[in-house]
Amino acid sequence: KGRAFELKEVASGYRLQVRERFSPWVGRLWEERPQRYSRALLETLALIAYRQPITRGEIEDVRGVAVKSQIVKTLLEREWIRVVGHREVPGRPAMFATTRQFLDHFNLKNLDELPPLAVLREMEPAPLPVDEEEAPVPDGLQARADLAVHMQAPDEKPSFRSLLMELDNMESGLKTDFDDLPDEAQATHRE
């Protein structure tokens, strides 16, 4: 219990890691700063995580803007997403889904551990302290907090409610009745 390390079960097995309450201090030992991702990249990743399998065109329909090739390339290079098949429509667009590396990075055992959108809508973030490096990290929220912080561009400060409203707007009219993957491929993908 009183140790700085914990054995954490993640999608690919178990990982020995620093307890979240110690991460602010351990993080200061790293010379390089964590990579920051654009809001567009994180919106794309969130859509893939919640609506997988999904095509680039479907992501563009929901977001209302084109998905830059660099965004997909970055997500593929990070091994957070992969191509799981092709939609049986003209052009046979690739269908994307998340990977075990995605689950591991965000401390999830499986996709069922993604927070329900209803819970996210109820959350209201606390105001950030003046010095973000001194801010304590709440237990159990590190990976999700990283995702939420990176969703906003440095020069933009949208409110949490406006982000949720935007997500609601993106979800409306989203097609959810996909039957393109055989049952065993879907079961394999969800593991």
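Where a number appears in this text, it was derived from the coordinates with a stated rule and is not lab data. Everything numeric here is computed off the predicted structure, so don't read it as measured data. Backbone-built Cβ (ideal geometry, glycine too); neighbour counts: all protein chains shown.
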Under-5 Å amide H pairs with residue 11, H placed in peptide plane, nonlocal only | 104, 108
Most packed first (mean Cβ within 10 Å per residue), the peptides 36-49, 87-100, 57-70 order as 36-49, 87-100, 57-70
